[in-house]
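No value in this document is a laboratory result; all are computed from the given coordinates. Here the structure is a predicted model, which is why all the values come from computation and not from measurement. Don't worry about glycine lacking a Cβ; one is built from the backbone with ideal geometry, like all the others, and counts go over all protein chains shown.
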Amino acid sequence: MKCTRTILKLALGAVALVPLFAADTLPKADTILDKTADAMGGKAAYDKLHSMVVTGSMEVKGIGIKGSLTSYHVAPDKMLVEVTIQGIGTIKDGSDGKIAWELSAIQGPRIKDGDEKAIALREADFTGGVNWRKHYKEVVTSAIEKVDGKDCYKIVMTPNDGPQETHYVEKESNLPVKMTMTMKGPMGEIPLEATMGDFRKEGNLLMPHKTIQKAAGQEIAITFDTVQFNVDVPKDKFDLPDEIQQLLKK
Amino acid sequence: MCIRAVLLSFALTWSCAAAGKTTLTPEQRKLNIESFEYVWTTVRDKHWDPKLGGLDWKAVHDELRSAIETADTPEQAREVMSSMLRRLHQTHFGIFPADVYGEMKGSQGKDDESSDNADGNPGIDLRIVDGRAVVTAIAPDSPAATAGIKPGWEIVRIGGKELAKSIDRIDRKLAVTTLHELMLTRAIGERLDGDAGTQVKIEFRDGAGRRLERTIERVKPRGAVAHLGNLPPLHFWVEQRKLTHDVGYLRFNMFFEPEALMSAVSALMKDCAACRGIVIDLRGNPGGIGGLAMGLAGWFTDRSGTQLGTMYMRTAHVNFAIFARPNPFRGELAVLVDGCSASTSEIFAGGLQDLKRARIFGTHTAGAALPSVIERLPNGDGFQYAIANYISQGGKPLEGIGVTPDEEVKLTRRALLDGNDPVLDRALAWIGTAKN
């Protein structure tokens, strides 16, 4: 899920929700999130992993823009996503645990700051999904709402740093099927909605293989094709690109 | 990704129906009502401001609905819909008669059997200067260059058809819009286009006033084929060079192919790091990928986080933020524009003008900063509408207004015939005298 969310941000660019219950009658959010972590594979499964490499594709709905993606994630906190889009080029988004950056064929290099940096560093935490308490200071179950016709717990998560997120966890399966947040960054405050589906087992983890992201009037579909664990990713894969190092020297 | 192509889709297959003043059949009345409802619903659902500035859109509908039901002619029906759109008090919302689009679609003036996806041209760039189609540039090594065609020559006929009447007709119809020069130039320019390998007969008037007829082969356009999503294949080219020992020059035909474009800019920066100034020539550039305005601007400022402007959509406001490159160019920057500079070109030029980072030379731009969509209505008319608003950093909307140059310099046929480029000359003069 974390990997998907990072790719969603990189890729940037109707469900009727009707509260059914008052908050005080709902299960506690931390209980739900712990069940979600278990449903996705659990801490024990993550403890056996030190890296994950995902390949897949993306498509911007309606305008036919397509691309391929590869995500490298290495414990404890290194992450790099490369997206190559026909007619646009390559966009890289990375974090070495301290610095979060982007290198885009369109906009060039930039170092992330503020909320963007906070989100990127959180996403880069290899076990952040199961160790959610490390990153969120408050989680509250606020309602049960339907997503795609299924009852979901609506959980408002307030991170230690960065903007609030709202997650929807399917009541029956405990799987996270939707997330909304407002991305804050130099491009403005942009509402983002992501829906996750096609959950399949990869090793000992259960992962969404299809994600639809809606932001700024665009809809982007992301599909995971392959997932590999404990791959020996070259250490220099996460070295800061020259352009980023030059920006750091300014 | 922020893709902002100018979607002035002249490729629609406009019919020439419904032009007369005859009484309508029940079926035609029905189509007019459907068109009315489509226009009203589209504005309600797609306009960037859901409140439409406080306008009671439902009341507008209810007020005009009976008028569309009783409209007796196509003109009356069109006027009812136009009246509805005028309540918005915004440009780029309008109803266009089908026959005007028939005139504007270049193939109407052709005398050959070229396909709708014609992929060839003789290598002639033209503008409408003082009501005449005038050659402004010849593509290097093109059939037009081989045929000896010169800038400044007037194009009198294409395919045996006189241009003067068409120019006059389109000119009068579009005189009120900033898109005037862009649409007029495209309408006439498209008559030169056809399938690669075919020929086009063109009658010119040279500098001495002599009429010269040339039959010129059409070839694939200059540049490499670029693909982006569902857009048809486009030919992209970029050139960068030094005009003098201390002035660099960058020109490209569209904001596409980011890696090729940025590679050319990077090469220019290396060659021209100590230059006094750089000229970016956006004349005739229709725009393309909106994000490239930010990406290109990043080479010319060291203030990361500044903005070219903001695009307002119904669901979000997107800042066009600039991320400064590690070693940006700090010398003078001149940007050349004309009425065929649109979309991303305007966002780039207008934003840097507002930030006082660039001085703009040429003529007023097209005022088409947004993806303005033209759709065919059930009754055959054309319906144009914008789906977002763009405000440049100085607080001015670009849509329907465009960028006003700091120094207005018009092309003249005489200057072209003499081998001069008065717009570029003025920019070079400014760079030569500007305080660095």
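Couple of notes before you dig in:
- Peptide packing for B:386-392, B:167-173 was compared via the average number of neighbouring C-beta atoms within 10 Å per residue; ordered from the highest value, the list is B:386-392, B:167-173.
- The amide H of B:T177, built 1.01 Å from its N in the peptide plane, has no neighbour under 5 Å, considering only residues 5 or more places off or on other chains.
- For the set A:K146/A:K171; A:K43/A:K201; A:K98/A:K134; A:K98/A:K214; B:K173/B:K396; B:K173/B:K201, the pairs lying more than 20 angstrom apart at their alpha carbons are A:K98/A:K214; B:K173/B:K396; B:K173/B:K201.
- Gap separating the Cα centres of segment B:117-181 and segment B:339-381, nearest whole Å: 21 Å
- The residues B:R211, B:R276, when put in order of fewest to most other Cβ atoms within 10 Å, stand as B:R211, B:R276.
- Those GluC sites (Glu not before Pro) in segment A:157-234 that DSSP places in a loop and that have at most 14 other beta carbons within 10 Å: A:E172
- Alpha-carbon Debye profile of segment B:31-85, log10 I(q)/I(0) at 0.14, 0.25 Å⁻¹: -0.34, -0.96
- Order of A:V156, B:V219, B:V337 - criterion: other Cβ atoms within 10 Å of each residue's Cβ, fewest first: A:V156, B:V219, B:V337
- The loop-placed trypsin sites (Lys or Arg not before Pro) in segment B:281-328, going by DSSP, that have at most 12 neighbouring Cβ atoms within 10 Å of their Cβ come out as B:R303.
- Legend: mean number of C-beta atoms from other chains within 10 angstrom of residue C-beta atoms, peptide A:180-192, equals 4.
- Rg over Rh [alpha-carbon atoms, Kirkwood Rh] for chain B: 0.98
- Span from the segment A:87-106 Cα centroid across to the segment A:184-205 one, whole angstrom: 18 Å
- Here the Kirkwood formula, the inverse mean of 1/r across different C-alpha pairs, assigns the protein assembly as shown a hydrodynamic radius of 27.7 Å.
- Overall, chain B carries a charge dipole of about 860 debye about its Cα centre when +1 sits on the Cβ of Lys and Arg and -1 on the Cβ of Asp and Glu, all other atoms neutral.
- Quick note on segment B:110-217: its Rg to Rh ratio, both from C-alpha atoms and Rh being the Kirkwood radius, is 0.95.
- Local electrostatic count at B:P397 - Lys and Arg +1, Asp and Glu -1, tallied over other residues with Cβ under 14 Å: -3
- Along the axis of the charge dipole computed for segment A:127-248 (Cβ charges of +1 for Lys and Arg, -1 for Asp and Glu, origin at the Cα centre), the listed residues A:P159, A:A216, A:A143 are led at the positive end by A:A143.
- Tail beyond 30 Å, pair distance distribution of chain A (Cα, percent): 23 percent
- Mean separation of Cα contacts under 8 Å (6+ apart) over length of segment B:26-94, as relative contact order %: 34 percent
- Within segment B:224-433, the proportion of C-alpha pairs whose separation exceeds 26 Å stands at 34%.
- FRET efficiency for the pair B:R210 and B:S263, taken as 1/(1 + (r/R0)^6) with r the Cβ-Cβ distance and R0 = 56 Å, rounds to 0.80.
- When the Cα positions of B:A273, B:M254, B:S343 are compared along the charge dipole of chain B, B:A273 comes out farthest toward the positive end, with charges on each C-beta of Lys, Arg, Asp and Glu.
- This model, with +1 at the C-beta of Lys and Arg and -1 at the C-beta of Asp and Glu, gives the protein assembly as shown a dipole about its Cα centre of some 900 debye.
- Ranking of B:V200, B:V129, B:V335 by count of other Cβ atoms within 10 Å, fewest first: B:V129, B:V200, B:V335
- Model label zone, A:S57; criterion: amide N under 18 Å from point 7 Å along Cα-to-beta-carbon; scope segment B:202-239: B:227-231
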